[in-house]
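Trainee: There's a structure below that I have some questions on.
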């Protein structure tokens, strides 16, 4: 069976133009997808059934048993952490938040180790952004800062920027200038009209220099700012000021570099400054396909995009205190439910060690690093392949992923609803 | 479902049924008002209680992309209103932009049962509907933005009203929208280049149409589709000193095309009634606006009252928010939506010591006091732009009591009275007028009396608000504190025949509906197969046409209003 306009549940681009061929419960061909999409749809190595650690070995258990035991672990805990969520759809995230509420748990999503600092900057100064189509149809200058779309968001350039013709930009490749700012050459920098190589950790200074130039203070710029020549800074600033519509895209190369949220704040304030001269927007290159959805869902239910602590009954948010890494590092958390992410692979060692010490349960289709730290793993259907639900693209556009076939796995929502029902019953 | 309810000895004001304050019983069965209650009906003694149809907010920002971004960027606002989980109530956060459950509970405990979201970008409609589902105690409707819609502007340029109507019909059905919303028509497209339009005769860059042409075309298209509501307009030049001329020019455009209701709904008119030419000489022109509205029965407006204190402004009017940012220099968010519209958000503080804010505060009240016909001026704050909706009870008290207005006068900038006529107005609104301005007129203006909204006669939806105040024992002119207290906390709020809130607490899980409009057009006007229209998706949108419509699953209790288009 050939299915058109399929939504790819890999990265924040959320491409929705894939053509997928399905045979029974297997995807056998993908058209229009990038290599990441092909692997996502075709490279399906799933965990067969729920497993539980018993002695030094894994044993298979039934879904009912795994679910009951998970609920028991959560009910037993004083300071449970529900972590992950960026690899599942909104409806499941919603149940996750309600589960945290009833448990008095901390719920956090993967923003905590990716664009959390971007969110903190936005909370200080706001976020002048737009949907990706606005860039596609209008932008004559695009700047990627600390982002390498060719590798991380392979179709970003062809769907929305460099290679993508739009209504007011009939020949994007010729009419649209692309600037890449990074600490090293990348495949993306090779296709840029202008590559700005910044010393590692020097982004904040370079952003400040650009702001000064845009404000008309050229005479205070030294000959070299963190490895970038004054001439190049002038050139880039002039290109931005002369743009009819400019768009910044920034990645974790800026968010997680020294300066963190202050880098992003500076970049946003540069964007604001440029808006006094022309039109400029700025957007984070969100990683997981529905990490932005987890921010959205958390926000409309709790008021905060990540790191929400329900221990006091109300929703409490204080990044640095209620963020997963900090809670694990302090050894505070005594049980963890991981849903649709892999903290074992991405968290600092001390946090991973703590996850291995406490009862950790993972709900995920695949064996990953976190499996090795977990006590129980419950495999589920893969959202966008054999489960469907709402996802939010990196620019906030909500798209419904498709279910391509009926598989034999329950989906995240089903499993979480069962856990929620047991917990709710016990908590009254 | 309970077997039924019998509300006894209520002091009822039900303007649409012509009830102007009578002691009577109201019988409810199966979610509807009936002549006689079932024998085993639960009895509620409403003696000494003002009893009204459930409140209806015809313009509020509660759900969707920009509202959620208002929360996302404002942890300080979230901290300012927190409640813990209690009974069936979820945790809530937020003061000016509460979480969805926060909105729903607070509206419900104030007796509100239906709320219209003022602005939904079609491309992001799914988000609005997700939040509607999480706002469980009100029936929800979504104004759908067409102000910068490329296909619409092309149809306007071609002077093809029928095509504009067909585009509206397709879009409303696809995104499960309720009505046409125009926010700074043409201005949001210009903002795609960092520009704006400054009068209704300015040309929109590239598209070569004027706001006046967009507004005129859409009013006629709306009536061709026989939609329940009229065009819902946020005029050009919001918040600009001297903008009353733009508003008057706009009112001049309005034809009288509908016998049942207005042909144009002007929203948050306070923000559009400024005289002067700068922030230094800004003054009230509410008298001019009220005169124009009084002379045009085909126009209905809502106040857009501001109240002193902290709030968050959010609108599809991207260029206006940028201007506001240039003024306040605090945090600013902007979110342009491809081919459709824009939006912006900034937090603000309206101060009693700011002359400009005092003038704005006065204007909203003046509009309500100078509008002769309460059916033409609805109570609103454009929540949260003027103030969060929890301020409605205070506004009601201000409208009902000159004494309260006089006591406020002592608190505000003493220069205010030189710039506004407010303190020369003696009028005090009565209970009936307040009932009109908070529910009956909304139901009529939105065109939802046809589905039983806004009244309490047999056949109506059993949405009832019972307030702990007795109009025959309270003089609102003097006892305004009691008025505020009563409207802040209903004794009972009844939604579809169920008591959902009682004395400030929500007591059941909600089960709201989402009301949307589907205009049936002849096959030749089906845009789903129109080559020019589908080309927009092939070439310019970043979402495939097939992935654009909102699926039924997002409206678990959708309530569709069908109309036959006359094309």
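The values are calculated or read from the model by the stated rules, or taken from the named source; none is laboratory data. Everything numeric in this text was worked out from a predicted model, so none of it was measured. Note: ideal-geometry Cβ built from the backbone for every residue, glycine included; neighbour counts use all protein chains shown.
Trainee: Could you please let me know if residue A:317 is in contact with a helix residue (DSSP H, G or I) (Cβ under 9 Å, 6 or more places away or on another chain), more than 23 Å from residue A:389 (Cα to Cα), within 11 Å of chain B (Cβ to nearest Cβ) and without any contact (Cβ under 8 Å) to a residue 24 or more places away in the chain?
Mentor: Answer is yes for this residue.
Trainee: Now for a different question. If a residue has to be within 11 Å of chain B (Cβ to nearest Cβ) and over 29 Å from residue A:260 (Cβ atoms) to count, how many in the stretch A:90-104 make the cut?
Mentor: Step one: filter the stretch A:90-104 for residues within 11 Å of chain B (Cβ to nearest Cβ), giving A:90-91, A:93-94, A:97-98, A:100-104.
Among the residues that remain, those that are also over 29 Å from residue A:260 (Cβ atoms) are: A:91, A:94, A:98, A:101-104.
The qualifying residues number 7.
Trainee: Of (1) within 22 Å of residue B:564 (Cβ to Cβ); (2) not in a helix (DSSP H, G or I), residue B:218 satisfies all except one. Which?
Mentor: (2)
Trainee: Would you kindly identify the helices (runs of 4 or more DSSP H) lying entirely within the stretch B:1-112 that contain at least 1 residues that are away from chain A (no Cβ under 14 Å) and touching a residue at least 12 places away in the same chain (Cβ under 8 Å)? Quick ask: steps written out before the conclusion?
Mentor: On the way: elements: B:65-72, B:75-79, B:100-109.
Answer list for the stretch B:1-112: B:100-109.
Trainee: Exactly one condition in (1) under 19 Å from the mean Cα position of the chain (by Cα); (2) within 14 Å of chain B (Cβ to nearest Cβ); (3) more than 30 Å from residue B:552 (Cβ to Cβ) is not met by residue A:311; state its number.
Mentor: Only one criterion is unmet by residue A:311, namely (1).
Trainee: Look at residue B:39 and say whether it is over 30 Å from residue A:121 (Cα atoms) and at pLDDT below 95. Reasoning before the result, please.
Mentor: Numbers: over 30 Å from residue A:121 (Cα atoms): yes; at pLDDT below 95: yes.
Yes, satisfied.
Trainee: Looking at A:349, A:330, A:400, A:375, can you tell me which residue is closer than 22 Å to residue B:543 by Cα, surrounded by fewer than 22 Cβ atoms within 10 Å (Cβ to Cβ) and modelled with pLDDT of 95 or more?
Mentor: Details: A:349 fails: closer than 22 Å to residue B:543 by Cα; A:330 fails: closer than 22 Å to residue B:543 by Cα; A:375 fails: closer than 22 Å to residue B:543 by Cα.
Just one listed residue meets the conditions, A:400.
Trainee: Restricting to the stretch B:173-188, what's the tally of residues that are within 20 Å of residue B:562 (Cβ to Cβ) and part of a strand (DSSP E or B)? Give the derivation first.
Mentor: Taking the stretch B:173-188 as the starting set, the residues that turn out to be within 20 Å of residue B:562 (Cβ to Cβ) are B:173-180.
Filter once more, so that each one left must be part of a strand (DSSP E or B): B:179-180.
Here the count works out to 2.
Trainee: Still on this structure, I have one more. Among the residues of the stretch B:457-475, is there at least one that is at negative phi, surrounded by fewer than 24 Cβ atoms within 10 Å (Cβ to Cβ) and without any contact (Cβ under 8 Å) to a residue 24 or more places away in the chain?
Mentor: For the stretch B:457-475, residues at negative phi, surrounded by fewer than 24 Cβ atoms within 10 Å (Cβ to Cβ) and without any contact (Cβ under 8 Å) to a residue 24 or more places away in the chain: present.
Trainee: Would you check which residues across the stretch B:169-214 are at positive phi and within 14 Å of another protein chain (Cβ to nearest Cβ) and list them? Walk me through how you get there before you give the answer.
Mentor: Our first condition is that a residue be at positive phi; within the stretch B:169-214, this holds for B:176, B:184, B:186, B:194, B:206, B:208.
Once the filter is applied, which keeps residues that are at positive phi and within 14 Å of another protein chain (Cβ to nearest Cβ), the stretch B:169-214 yields B:176, B:194, B:206.
Trainee: Output the residues belonging to the stretch A:166-189 that are more than 23 Å from the chain's Cα centre (by Cα), farther than 18 Å from residue A:283 by Cα and surrounded by 16 or more Cβ atoms within 10 Å (Cβ to Cβ).
Mentor: Scanning the stretch A:166-189 gives A:166, A:167, A:168, A:169, A:172.
Trainee: Continuing with this model, one more query. For the structure I just gave you, tell me whether residue B:351 is on the phi > 0 side of the Ramachandran plot, in contact (Cβ under 8 Å) with a residue 12 or more places away in the chain and more than 14 Å from chain A (Cβ to nearest Cβ).
Mentor: Numbers: on the phi > 0 side of the Ramachandran plot: no; in contact (Cβ under 8 Å) with a residue 12 or more places away in the chain: yes; more than 14 Å from chain A (Cβ to nearest Cβ): yes.
It is false that residue B:351 is on the phi > 0 side of the Ramachandran plot, in contact (Cβ under 8 Å) with a residue 12 or more places away in the chain and more than 14 Å from chain A (Cβ to nearest Cβ).
Trainee: It is to be established whether one or more residues within the stretch B:326-341 are in a helix (DSSP H, G or I), modelled with pLDDT of 95 or more, within 24 Å of residue B:116 (Cβ to Cβ) and assigned by TED's automatic domain parsing to the domain that holds residue B:286. Step through it out loud before you land on a result.
Mentor: Here is the first cut: in the stretch B:326-341, the residues in a helix (DSSP H, G or I) are B:326-328.
So of that shortlist, the ones also modelled with pLDDT of 95 or more come out as none.
For the stretch B:326-341, residues in a helix (DSSP H, G or I), modelled with pLDDT of 95 or more, within 24 Å of residue B:116 (Cβ to Cβ) and assigned by TED's automatic domain parsing to the domain that holds residue B:286: absent.
Trainee: Can I ask one more? Given the criteria over 30 Å from residue A:14 (Cα atoms), outside any loop (DSSP other than H, G, I, E, B) and away from every other protein chain (no Cβ under 14 Å), does residue B:519 qualify? Working first, answer last.
Mentor: On the way: over 30 Å from residue A:14 (Cα atoms): yes; outside any loop (DSSP other than H, G, I, E, B): yes; away from every other protein chain (no Cβ under 14 Å): yes.
When the stated conditions are applied, residue B:519 passes them.
Trainee: If the requirement is being within 13 Å of chain B (Cβ to nearest Cβ), within 20 Å of residue A:412 (Cα to Cα), touching a helix residue (DSSP H, G or I) at 6+ places or on another chain (Cβ under 9 Å) and crowded, with 24+ Cβ neighbours inside 10 Å, which of these qualifies: A:107, A:122?
Mentor: A:107
Trainee: So, in the stretch A:296-308, of the ones that are closer than 30 Å to residue A:41 by Cβ and more than 7 Å from chain B (Cβ to nearest Cβ), which residue ends up nearest to the chain's Cα centre (by Cα)?
Mentor: A:306
Trainee: Then there is this: Can you work out which of the residues in the stretch B:256-274 that are in contact with a strand residue (DSSP E or B) (Cβ under 9 Å, 6 or more places away or on another chain) and free of Cβ contacts under 8 Å to residues at least 60 places away in the same chain is farthest from residue B:286 (Cα to Cα)?
Mentor: In this case the residue turns out to be B:263.
Trainee: I've got another one for you. Would you point out which residue out of B:196, B:202 is assigned by TED's automatic domain parsing to the domain that holds residue B:164 and either within 20 Å of residue B:343 (Cβ to Cβ) or touching a strand residue (DSSP E or B) at 6+ places or on another chain (Cβ under 7 Å) (or both)? It would help to see each step written out before you state the result.
Mentor: Numbers: B:202 fails: either within 20 Å of residue B:343 (Cβ to Cβ) or touching a strand residue (DSSP E or B) at 6+ places or on another chain (Cβ under 7 Å) (or both).
Exactly one of B:196, B:202 is assigned by TED's automatic domain parsing to the domain that holds residue B:164 and either within 20 Å of residue B:343 (Cβ to Cβ) or touching a strand residue (DSSP E or B) at 6+ places or on another chain (Cβ under 7 Å) (or both), namely B:196.
Trainee: Which of (1) under 24 Å from residue B:293 (Cα atoms); (2) over 20 Å from the mean Cα position of the chain (by Cα) does residue B:365 not meet, given it meets every other one?
Mentor: Failing condition for residue B:365: (2).
Trainee: While we're here: Across the stretch A:127-154, what is the total count of residues that are within 11 Å of chain B (Cβ to nearest Cβ) and over 16 Å from residue A:279 (Cβ atoms)?
Mentor: So the count comes out to 0.
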